1. Nearest 10 degrees, 0 to 90: what angle lies between the long axis of helix B:171-202 and the longest principal axis of chain B (Cα atoms)?
2. Using θ = phi - 60° and the Karplus relation 6.51 cos²θ - 1.76 cosθ + 1.60, list the HN-Hα couplings for the stretch B:17-31 in order, rounded to whole Hz, with x at every Gly or Pro.
3. With only alpha-carbon pairs counted, each pair once and no self-pairs, how large is the Kirkwood hydrodynamic radius of the protein assembly as shown in angstroms?
4. In whole Å, what are the Cα extents of the stretch B:10-102 along the three principal axes, biggest one first?
5. Please express the Cα-Cα pair-distance distribution P(r) of the stretch A:206-256 as a list of whole percents, one per 5 Å bin, running from 0 to the bin with the greatest distance.
6. Let me confirm one metric for peptide A:94-101, namely the mean number of other chain beta-carbon atoms within 10 Å of its residues' beta-carbons.
7. What is the diffusion coefficient of the stretch A:1-158 in µm²/s, taking the Kirkwood radius over Cα pairs and the Stokes-Einstein relation at 25 °C with a viscosity of 0.890 mPa s?
8. Within the set A:K71/B:K14; A:K100/B:K203; A:K127/B:K62; A:K11/A:K136, which residue pairs have Cα atoms separated by over 24 Å?
Amino acid sequence: MNALKLENVTKKYDSFTLDNINIELPQGCIMGFVGENGAGKSTTIKLILDLIRRDGGNIEILGQDNIKVGKEIREDIGVVLDEACFHENLNHVQIAKVMKNIYKTWDDKNFESLVSKFSLDPKKTVKEYSRGMKMKLSIAVALAHSPKLLILDEATSGLDPIARDEILDVFFDFIQDEQHSIFMSSHITSDLEKICDYITFIHKGKIVFCHTKDELSETYGILKCSQEELDRIDKSLIKGIRKNNFGIEALVLRDALKGNFIIDNASIEEIMLFFVKENVK
Amino acid sequence: MKGLILKDLMGLKKFSKNYLIFILFYAVIGLFSNMYALFSGFIMVFAFMLPITAVSFDERSKWDSYALTMPISRKDIVLSRYLLGLIFAGAAVVICFVYTLITSGENFGTSLLLSGAFFLVGMLFFSIIFPILLKVGVEKGRLTMIIIFLLPTVIIMTLSKIGFDFSKPSEQTLMTIAWIAPFVVIAIFVASIFLSFRIYSKKEM
(Lines give C-alpha, C1' and ligand atoms only; values in the text may rest on other atoms or scores of the structure.)
Protein backbone atom coordinates (compact mmCIF):
# COMPACT_ATOMS: atom_id res chain seq x y z
CA MET A 1 0.00 0.00 0.00
CA ASN A 2 1.03 3.58 -0.56
CA ALA A 3 1.22 5.83 2.46
CA LEU A 4 0.74 8.75 0.16
CA LYS A 5 -0.35 9.02 -3.44
CA LEU A 6 -0.81 12.16 -5.49
CA GLU A 7 -2.21 11.91 -9.02
CA ASN A 8 -2.16 14.87 -11.40
CA VAL A 9 -2.68 17.27 -8.53
CA THR A 10 -3.11 20.84 -9.70
CA LYS A 11 -3.52 24.13 -7.89
CA LYS A 12 -3.69 27.47 -9.69
CA TYR A 13 -2.83 30.83 -8.21
CA ASP A 14 -2.53 34.08 -10.12
CA SER A 15 1.23 34.02 -10.23
CA PHE A 16 1.96 30.36 -9.57
CA THR A 17 0.65 27.02 -10.71
CA LEU A 18 1.28 23.66 -9.16
CA ASP A 19 1.18 21.60 -12.27
CA ASN A 20 0.08 17.95 -12.42
CA ILE A 21 1.98 16.69 -9.42
CA ASN A 22 2.45 12.93 -9.19
CA ILE A 23 4.00 11.44 -6.08
CA GLU A 24 3.91 7.93 -4.67
CA LEU A 25 5.32 7.14 -1.25
CA PRO A 26 5.24 3.40 -0.46
CA GLN A 27 4.57 2.43 3.13
CA GLY A 28 7.69 1.94 5.20
CA CYS A 29 9.75 4.50 3.31
CA ILE A 30 11.04 8.02 3.79
CA MET A 31 10.66 10.48 0.96
CA GLY A 32 12.55 13.74 0.82
CA PHE A 33 10.81 16.58 -0.97
CA VAL A 34 13.28 19.15 -2.23
CA GLY A 35 13.08 22.35 -4.20
CA GLU A 36 13.99 26.00 -3.91
CA ASN A 37 11.89 28.57 -2.04
CA GLY A 38 8.61 29.07 -3.83
CA ALA A 39 8.90 25.88 -5.86
CA GLY A 40 5.62 24.58 -4.44
CA LYS A 41 6.67 22.39 -1.50
CA SER A 42 4.46 23.98 1.12
CA THR A 43 1.58 24.29 -1.32
CA THR A 44 1.83 20.56 -2.04
CA ILE A 45 1.86 19.75 1.66
CA LYS A 46 -1.12 22.02 2.30
CA LEU A 47 -2.98 20.26 -0.50
CA ILE A 48 -2.18 16.88 1.01
CA LEU A 49 -3.53 18.04 4.35
CA ASP A 50 -6.61 19.59 2.72
CA LEU A 51 -5.79 23.03 4.11
CA ILE A 52 -6.31 24.50 0.66
CA ARG A 53 -8.59 23.30 -2.13
CA ARG A 54 -7.10 21.55 -5.12
CA ASP A 55 -8.16 22.47 -8.59
CA GLY A 56 -7.64 18.99 -9.98
CA GLY A 57 -6.30 15.50 -9.40
CA ASN A 58 -6.50 12.98 -6.60
CA ILE A 59 -4.75 12.62 -3.27
CA GLU A 60 -4.79 9.51 -1.11
CA ILE A 61 -3.49 9.35 2.44
CA LEU A 62 -3.04 5.85 3.89
CA GLY A 63 -5.30 4.53 1.15
CA GLN A 64 -8.14 7.03 1.56
CA ASP A 65 -9.10 10.17 -0.31
CA ASN A 66 -7.65 13.05 1.67
CA ILE A 67 -10.81 15.15 1.63
CA LYS A 68 -13.13 12.36 2.73
CA VAL A 69 -10.60 11.10 5.22
CA GLY A 70 -12.14 10.69 8.66
CA LYS A 71 -10.89 11.52 12.11
CA GLU A 72 -9.56 7.97 12.59
CA ILE A 73 -7.07 8.41 9.77
CA ARG A 74 -6.08 11.83 11.07
CA GLU A 75 -5.14 10.12 14.33
CA ASP A 76 -2.57 8.21 12.29
CA ILE A 77 -0.93 11.29 10.80
CA GLY A 78 1.68 13.39 12.58
CA VAL A 79 2.34 16.79 11.07
CA VAL A 80 5.00 19.43 11.55
CA LEU A 81 4.29 22.64 9.68
CA ASP A 82 6.82 25.26 8.78
CA GLU A 83 5.28 28.15 10.70
CA ALA A 84 2.17 26.99 12.48
CA CYS A 85 2.47 26.20 16.12
CA PHE A 86 0.80 26.66 19.49
CA HIS A 87 -0.51 29.61 21.44
CA GLU A 88 2.45 31.59 22.62
CA ASN A 89 1.21 31.68 26.21
CA LEU A 90 1.23 27.92 26.66
CA ASN A 91 4.02 25.76 28.00
CA HIS A 92 4.53 22.17 27.00
CA VAL A 93 2.77 20.77 30.06
CA GLN A 94 -0.37 22.68 29.10
CA ILE A 95 0.04 21.62 25.49
CA ALA A 96 0.11 17.99 26.57
CA LYS A 97 -3.19 18.54 28.39
CA VAL A 98 -4.73 19.98 25.25
CA MET A 99 -3.43 17.24 22.99
CA LYS A 100 -4.66 14.53 25.34
CA ASN A 101 -8.15 15.83 24.65
CA ILE A 102 -7.62 15.97 20.91
CA TYR A 103 -5.88 12.67 20.10
CA LYS A 104 -7.35 9.44 21.42
CA THR A 105 -3.97 7.83 20.96
CA TRP A 106 -2.03 10.51 22.85
CA ASP A 107 0.74 9.03 24.99
CA ASP A 108 1.88 11.26 27.85
CA LYS A 109 4.92 9.14 28.71
CA ASN A 110 6.11 9.13 25.13
CA PHE A 111 5.69 12.90 24.95
CA GLU A 112 7.54 13.47 28.21
CA SER A 113 10.46 11.32 27.14
CA LEU A 114 10.71 13.16 23.80
CA VAL A 115 10.49 16.54 25.49
CA SER A 116 13.25 15.70 27.93
CA LYS A 117 15.31 14.21 25.11
CA PHE A 118 14.97 17.50 23.24
CA SER A 119 15.66 19.33 26.53
CA LEU A 120 12.63 21.62 26.35
CA ASP A 121 12.18 23.69 29.51
CA PRO A 122 8.73 23.10 31.10
CA LYS A 123 8.73 26.58 32.64
CA LYS A 124 9.16 28.35 29.32
CA THR A 125 6.15 29.26 27.21
CA VAL A 126 6.12 28.93 23.44
CA LYS A 127 6.69 32.69 23.19
CA GLU A 128 10.12 32.25 24.74
CA TYR A 129 11.05 29.36 22.47
CA SER A 130 13.54 29.75 19.66
CA ARG A 131 12.54 28.56 16.21
CA GLY A 132 14.46 25.36 16.75
CA MET A 133 12.70 24.69 20.05
CA LYS A 134 9.30 25.25 18.43
CA MET A 135 10.25 22.71 15.80
CA LYS A 136 11.30 20.22 18.45
CA LEU A 137 8.04 20.75 20.29
CA SER A 138 6.05 20.18 17.09
CA ILE A 139 8.04 17.04 16.37
CA ALA A 140 7.44 15.74 19.89
CA VAL A 141 3.70 16.40 19.52
CA ALA A 142 3.64 14.77 16.10
CA LEU A 143 5.32 11.62 17.41
CA ALA A 144 3.55 11.37 20.77
CA HIS A 145 0.27 10.10 19.37
CA SER A 146 1.99 7.19 17.59
CA PRO A 147 1.23 8.10 13.98
CA LYS A 148 1.79 5.87 10.97
CA LEU A 149 2.62 8.70 8.61
CA LEU A 150 4.71 11.76 9.38
CA ILE A 151 4.34 14.79 7.15
CA LEU A 152 7.03 17.34 7.84
CA ASP A 153 7.42 20.76 6.28
CA GLU A 154 10.94 22.08 6.87
CA ALA A 155 11.08 20.28 10.19
CA THR A 156 14.85 20.42 10.50
CA SER A 157 15.41 23.97 9.35
CA GLY A 158 16.40 26.39 12.08
CA LEU A 159 18.07 23.64 14.06
CA ASP A 160 21.77 23.38 14.72
CA PRO A 161 23.64 20.37 13.27
CA ILE A 162 23.64 18.50 16.58
CA ALA A 163 19.91 18.95 17.13
CA ARG A 164 19.29 17.94 13.52
CA ASP A 165 21.26 14.80 14.02
CA GLU A 166 19.27 13.98 17.17
CA ILE A 167 16.03 14.45 15.29
CA LEU A 168 17.15 12.40 12.34
CA ASP A 169 17.91 9.62 14.84
CA VAL A 170 14.37 9.92 16.18
CA PHE A 171 13.01 9.65 12.63
CA PHE A 172 15.24 6.70 12.00
CA ASP A 173 13.83 4.92 15.07
CA PHE A 174 10.33 5.75 13.90
CA ILE A 175 10.83 4.24 10.45
CA GLN A 176 12.00 0.90 11.86
CA ASP A 177 8.34 -0.11 12.01
CA GLU A 178 7.40 -1.31 8.50
CA GLN A 179 4.03 0.38 8.66
CA HIS A 180 5.53 3.79 9.28
CA SER A 181 6.35 6.31 6.56
CA ILE A 182 7.72 9.83 6.40
CA PHE A 183 7.20 12.56 3.83
CA MET A 184 9.53 15.47 4.55
CA SER A 185 10.30 18.65 2.72
CA SER A 186 13.63 20.29 3.38
CA HIS A 187 16.27 22.64 2.05
CA ILE A 188 18.92 20.76 3.91
CA THR A 189 19.75 18.13 1.35
CA SER A 190 22.45 16.54 3.47
CA ASP A 191 19.77 15.56 6.01
CA LEU A 192 17.74 13.96 3.26
CA GLU A 193 20.78 12.14 1.93
CA LYS A 194 21.26 10.61 5.37
CA ILE A 195 17.84 9.10 5.85
CA CYS A 196 15.68 9.18 2.72
CA ASP A 197 14.79 6.26 0.47
CA TYR A 198 13.20 8.47 -2.17
CA ILE A 199 13.97 11.96 -3.36
CA THR A 200 11.34 14.03 -5.15
CA PHE A 201 12.48 17.25 -6.72
CA ILE A 202 10.02 20.03 -7.46
CA HIS A 203 10.91 23.10 -9.50
CA LYS A 204 8.57 25.96 -10.47
CA GLY A 205 5.50 23.93 -9.59
CA LYS A 206 6.50 20.85 -11.57
CA ILE A 207 8.02 17.57 -10.44
CA VAL A 208 11.42 17.26 -12.09
CA PHE A 209 12.09 13.74 -10.86
CA CYS A 210 11.05 11.22 -8.25
CA HIS A 211 13.77 8.60 -7.76
CA THR A 212 15.09 6.33 -5.08
CA LYS A 213 18.28 7.65 -3.63
CA ASP A 214 20.23 4.77 -5.20
CA GLU A 215 18.70 5.38 -8.61
CA LEU A 216 19.70 8.98 -8.28
CA SER A 217 23.34 8.21 -7.60
CA GLU A 218 23.37 5.57 -10.34
CA THR A 219 21.66 7.83 -12.87
CA TYR A 220 23.44 11.10 -12.40
CA GLY A 221 27.10 11.95 -12.19
CA ILE A 222 29.34 14.96 -12.53
CA LEU A 223 31.63 14.81 -15.53
CA LYS A 224 34.75 16.96 -15.52
CA CYS A 225 36.19 17.52 -18.98
CA SER A 226 37.32 20.01 -21.59
CA GLN A 227 35.13 21.71 -24.19
CA GLU A 228 36.37 19.37 -26.96
CA GLU A 229 35.52 16.29 -24.96
CA LEU A 230 32.11 17.71 -24.18
CA ASP A 231 31.42 18.35 -27.87
CA ARG A 232 31.95 14.67 -28.62
CA ILE A 233 29.32 13.53 -26.13
CA ASP A 234 25.73 12.85 -27.14
CA LYS A 235 23.84 16.00 -26.11
CA SER A 236 20.87 14.05 -24.80
CA LEU A 237 23.02 12.63 -22.04
CA ILE A 238 24.02 16.03 -20.72
CA LYS A 239 21.61 17.49 -18.19
CA GLY A 240 23.46 20.64 -17.31
CA ILE A 241 26.75 22.42 -17.86
CA ARG A 242 28.81 24.61 -15.58
CA LYS A 243 31.85 26.38 -16.99
CA ASN A 244 34.71 27.73 -14.94
CA ASN A 245 38.38 28.63 -15.40
CA PHE A 246 39.54 25.06 -14.96
CA GLY A 247 37.27 23.43 -17.48
CA ILE A 248 33.76 22.19 -17.67
CA GLU A 249 31.58 20.34 -15.22
CA ALA A 250 28.50 18.68 -16.59
CA LEU A 251 25.67 16.77 -15.00
CA VAL A 252 25.37 13.64 -17.10
CA LEU A 253 23.35 10.47 -17.27
CA ARG A 254 26.28 8.35 -16.18
CA ASP A 255 25.02 4.84 -16.99
CA ALA A 256 24.32 5.74 -20.62
CA LEU A 257 27.62 7.51 -21.14
CA LYS A 258 30.10 5.21 -22.86
CA GLY A 259 33.79 5.90 -22.95
CA ASN A 260 36.69 6.61 -20.69
CA PHE A 261 35.48 9.51 -18.60
CA ILE A 262 36.04 10.58 -15.05
CA ILE A 263 32.63 10.84 -13.46
CA ASP A 264 32.16 11.86 -9.83
CA ASN A 265 29.13 11.10 -7.73
CA ALA A 266 26.59 13.88 -7.75
CA SER A 267 25.06 14.96 -4.45
CA ILE A 268 21.40 15.92 -4.28
CA GLU A 269 22.45 19.51 -3.85
CA GLU A 270 24.59 19.44 -6.99
CA ILE A 271 21.82 17.80 -8.99
CA MET A 272 19.40 20.47 -7.76
CA LEU A 273 21.79 23.28 -8.63
CA PHE A 274 22.38 21.93 -12.12
CA PHE A 275 18.68 21.57 -12.73
CA VAL A 276 17.77 25.00 -11.44
CA LYS A 277 20.69 27.17 -12.44
CA GLU A 278 22.59 25.61 -15.29
CA ASN A 279 20.00 25.59 -18.07
CA VAL A 280 18.84 22.03 -17.92
CA LYS A 281 17.51 20.50 -21.09
CA MET B 1 -13.74 19.99 21.10
CA LYS B 2 -12.82 19.78 24.75
CA GLY B 3 -9.17 20.14 23.80
CA LEU B 4 -9.89 23.27 21.78
CA ILE B 5 -11.80 24.94 24.61
CA LEU B 6 -9.09 23.94 27.06
CA LYS B 7 -6.44 25.48 24.81
CA ASP B 8 -8.34 28.78 24.65
CA LEU B 9 -8.98 28.90 28.39
CA MET B 10 -5.33 28.21 29.21
CA GLY B 11 -4.14 30.60 26.52
CA LEU B 12 -6.32 33.39 27.91
CA LYS B 13 -5.41 32.78 31.54
CA LYS B 14 -2.40 35.04 31.56
CA PHE B 15 -4.15 37.66 29.48
CA SER B 16 -7.23 37.74 31.73
CA LYS B 17 -5.30 38.59 34.87
CA ASN B 18 -4.82 42.20 33.73
CA TYR B 19 -8.47 42.48 32.91
CA LEU B 20 -9.53 41.20 36.29
CA ILE B 21 -8.06 44.33 37.84
CA PHE B 22 -10.18 46.42 35.46
CA ILE B 23 -13.27 44.47 36.38
CA LEU B 24 -12.66 44.97 40.07
CA PHE B 25 -12.10 48.66 39.44
CA TYR B 26 -15.43 49.01 37.64
CA ALA B 27 -17.14 46.93 40.28
CA VAL B 28 -15.97 49.34 42.99
CA ILE B 29 -16.90 52.40 40.93
CA GLY B 30 -20.34 50.95 40.31
CA LEU B 31 -20.73 50.28 43.99
CA PHE B 32 -20.06 53.84 45.07
CA SER B 33 -21.62 55.75 42.21
CA ASN B 34 -24.69 53.56 41.95
CA MET B 35 -23.94 52.98 38.24
CA TYR B 36 -24.37 49.25 38.40
CA ALA B 37 -25.41 49.10 34.74
CA LEU B 38 -21.98 50.36 33.74
CA PHE B 39 -20.33 47.36 35.39
CA SER B 40 -22.81 44.92 33.86
CA GLY B 41 -22.28 46.39 30.44
CA PHE B 42 -18.54 46.30 30.82
CA ILE B 43 -18.36 42.72 31.96
CA MET B 44 -20.58 41.59 29.09
CA VAL B 45 -18.41 43.35 26.51
CA PHE B 46 -15.43 41.71 28.15
CA ALA B 47 -17.07 38.29 28.00
CA PHE B 48 -17.61 38.51 24.27
CA MET B 49 -14.24 40.11 23.62
CA LEU B 50 -12.38 37.17 25.15
CA PRO B 51 -13.26 34.63 22.43
CA ILE B 52 -12.29 37.24 19.85
CA THR B 53 -8.95 37.66 21.60
CA ALA B 54 -8.57 33.90 21.53
CA VAL B 55 -9.06 33.97 17.76
CA SER B 56 -6.40 36.66 17.43
CA PHE B 57 -3.99 34.45 19.41
CA ASP B 58 -4.81 31.59 17.06
CA GLU B 59 -4.16 33.79 14.05
CA ARG B 60 -0.83 34.94 15.38
CA SER B 61 0.42 31.41 15.98
CA LYS B 62 -1.27 30.10 12.80
CA TRP B 63 -2.93 27.53 14.98
CA ASP B 64 -5.88 26.86 12.66
CA SER B 65 -3.92 25.26 9.85
CA TYR B 66 -2.06 23.18 12.44
CA ALA B 67 -5.26 22.13 14.22
CA LEU B 68 -6.84 21.05 10.95
CA THR B 69 -4.13 18.44 10.48
CA MET B 70 -5.36 16.85 13.72
CA PRO B 71 -8.58 14.89 14.21
CA ILE B 72 -10.47 18.18 14.28
CA SER B 73 -12.95 19.29 11.65
CA ARG B 74 -13.53 22.84 10.49
CA LYS B 75 -16.96 22.71 12.10
CA ASP B 76 -15.34 21.77 15.43
CA ILE B 77 -13.18 24.88 15.32
CA VAL B 78 -16.10 27.20 14.56
CA LEU B 79 -18.35 25.58 17.16
CA SER B 80 -15.67 25.67 19.84
CA ARG B 81 -15.40 29.44 19.40
CA TYR B 82 -19.13 30.04 19.70
CA LEU B 83 -19.17 27.74 22.69
CA LEU B 84 -16.36 29.71 24.28
CA GLY B 85 -18.40 32.88 23.77
CA LEU B 86 -21.37 31.26 25.47
CA ILE B 87 -19.28 30.00 28.38
CA PHE B 88 -17.88 33.46 29.08
CA ALA B 89 -21.22 35.18 28.52
CA GLY B 90 -22.92 32.66 30.81
CA ALA B 91 -20.41 33.39 33.54
CA ALA B 92 -20.83 37.14 32.94
CA VAL B 93 -24.61 36.88 33.22
CA VAL B 94 -24.30 35.20 36.60
CA ILE B 95 -21.86 37.84 37.84
CA CYS B 96 -24.06 40.65 36.47
CA PHE B 97 -27.13 39.22 38.10
CA VAL B 98 -25.55 38.75 41.53
CA TYR B 99 -23.89 42.16 41.37
CA THR B 100 -27.07 43.97 40.35
CA LEU B 101 -29.09 42.16 43.00
CA ILE B 102 -26.66 43.12 45.74
CA THR B 103 -25.73 46.66 44.76
CA SER B 104 -28.78 48.13 43.07
CA GLY B 105 -31.44 47.25 45.59
CA GLU B 106 -33.68 46.17 42.70
CA ASN B 107 -35.76 43.05 43.15
CA PHE B 108 -34.98 39.60 41.77
CA GLY B 109 -37.03 39.99 38.57
CA THR B 110 -35.59 43.34 37.56
CA SER B 111 -32.03 42.22 38.17
CA LEU B 112 -32.62 39.16 36.03
CA LEU B 113 -34.20 41.23 33.29
CA LEU B 114 -31.34 43.69 33.32
CA SER B 115 -28.58 41.08 33.11
CA GLY B 116 -30.63 39.18 30.52
CA ALA B 117 -30.89 42.30 28.38
CA PHE B 118 -27.14 42.81 28.49
CA PHE B 119 -26.62 39.16 27.60
CA LEU B 120 -28.88 39.45 24.55
CA VAL B 121 -27.25 42.63 23.31
CA GLY B 122 -23.83 41.01 23.74
CA MET B 123 -24.96 37.89 21.88
CA LEU B 124 -26.36 40.01 19.06
CA PHE B 125 -23.10 41.88 18.57
CA PHE B 126 -21.12 38.65 18.77
CA SER B 127 -23.38 36.98 16.17
CA ILE B 128 -22.89 39.84 13.74
CA ILE B 129 -19.18 40.35 14.27
CA PHE B 130 -17.95 36.79 14.43
CA PRO B 131 -18.59 35.66 10.84
CA ILE B 132 -16.90 38.85 9.65
CA LEU B 133 -13.85 38.16 11.80
CA LEU B 134 -13.63 34.62 10.45
CA LYS B 135 -13.79 35.96 6.92
CA VAL B 136 -11.24 38.77 7.12
CA GLY B 137 -9.29 37.97 10.31
CA VAL B 138 -9.19 39.80 13.62
CA GLU B 139 -6.52 42.30 12.58
CA LYS B 140 -8.40 43.49 9.52
CA GLY B 141 -11.75 43.08 11.25
CA ARG B 142 -11.01 45.54 14.04
CA LEU B 143 -12.31 48.57 12.17
CA THR B 144 -15.48 46.75 11.14
CA MET B 145 -15.93 45.77 14.77
CA ILE B 146 -15.71 49.35 15.99
CA ILE B 147 -18.11 50.54 13.28
CA ILE B 148 -20.66 47.90 14.23
CA PHE B 149 -20.33 48.84 17.89
CA LEU B 150 -20.90 52.52 17.15
CA LEU B 151 -23.53 52.12 14.45
CA PRO B 152 -26.61 51.93 16.74
CA THR B 153 -25.55 55.04 18.64
CA VAL B 154 -24.93 56.92 15.41
CA ILE B 155 -28.28 55.88 13.93
CA ILE B 156 -30.23 56.85 17.04
CA MET B 157 -28.45 60.17 17.35
CA THR B 158 -29.02 61.03 13.71
CA LEU B 159 -32.68 60.06 13.93
CA SER B 160 -33.26 62.23 16.98
CA LYS B 161 -31.41 65.12 15.31
CA ILE B 162 -33.77 65.07 12.36
CA GLY B 163 -36.70 65.15 14.70
CA PHE B 164 -37.62 61.49 15.19
CA ASP B 165 -39.69 61.06 18.32
CA PHE B 166 -38.02 58.88 20.96
CA SER B 167 -40.62 59.21 23.67
CA LYS B 168 -40.75 56.37 26.15
CA PRO B 169 -42.60 53.39 24.71
CA SER B 170 -45.57 52.05 26.57
CA GLU B 171 -45.26 49.32 29.20
CA GLN B 172 -46.96 46.89 26.88
CA THR B 173 -44.58 47.49 23.97
CA LEU B 174 -41.66 46.94 26.30
CA MET B 175 -43.12 43.68 27.56
CA THR B 176 -43.70 42.45 24.01
CA ILE B 177 -40.10 43.29 23.10
CA ALA B 178 -38.87 41.52 26.22
CA TRP B 179 -40.73 38.37 25.20
CA ILE B 180 -39.75 38.40 21.54
CA ALA B 181 -36.14 39.56 21.85
CA PRO B 182 -34.66 36.29 23.22
CA PHE B 183 -36.12 34.26 20.35
CA VAL B 184 -34.94 36.75 17.75
CA VAL B 185 -31.43 36.85 19.20
CA ILE B 186 -31.22 33.05 19.47
CA ALA B 187 -32.34 32.76 15.85
CA ILE B 188 -29.67 35.27 14.78
CA PHE B 189 -27.06 33.42 16.86
CA VAL B 190 -27.88 30.09 15.21
CA ALA B 191 -27.92 31.70 11.76
CA SER B 192 -24.55 33.23 12.57
CA ILE B 193 -23.12 29.78 13.39
CA PHE B 194 -24.28 28.39 10.06
CA LEU B 195 -22.94 31.40 8.20
CA SER B 196 -19.59 30.90 9.95
CA PHE B 197 -19.60 27.22 8.94
CA ARG B 198 -20.00 28.28 5.33
CA ILE B 199 -17.32 30.95 5.49
CA TYR B 200 -14.86 28.77 7.33
CA SER B 201 -15.36 25.68 5.16
CA LYS B 202 -14.23 27.68 2.13
CA LYS B 203 -11.32 29.39 3.85
CA GLU B 204 -7.86 28.58 2.52
CA MET B 205 -5.38 28.14 5.32
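1. That helix lies at roughly 10 degrees to the long axis.
2. In residue order, the calculated couplings are 4, 4, 6, 4, 4, 4, 4, 4, 4, 5, 4, 5, 4, x, 5 Hz.
3. Radius from the Kirkwood sum: 26.3 Å.
4. Result, largest extent first: 52, 21, 15 Å.
5. Values per bin, smallest distances first: 4, 19, 28, 22, 14, 9, 3.
6. Mean shielding count: 5.
7. So the translational diffusion coefficient is about 147 µm²/s.
8. On the way: A:K71/B:K14 32 Å; A:K100/B:K203 27 Å; A:K127/B:K62 13 Å; A:K11/A:K136 30 Å.
Too far apart for the 24 Å limit: A:K71/B:K14; A:K100/B:K203; A:K11/A:K136.
The values are calculated or read from the model by the stated rules, or taken from the named source; none is laboratory data. Keep in mind that what you see is a predicted model, and the values were worked out from it rather than measured. Every residue, glycine as well, gets a Cβ built from its backbone with ideal geometry; the counts of neighbours run over all protein chains shown. We work out accessible area using only protein heavy atoms, side chains counted, and drop any ligands, DNA or RNA first. Shrake-Rupley method; radii C 1.70, N 1.55, O 1.52, S 1.80 Å.
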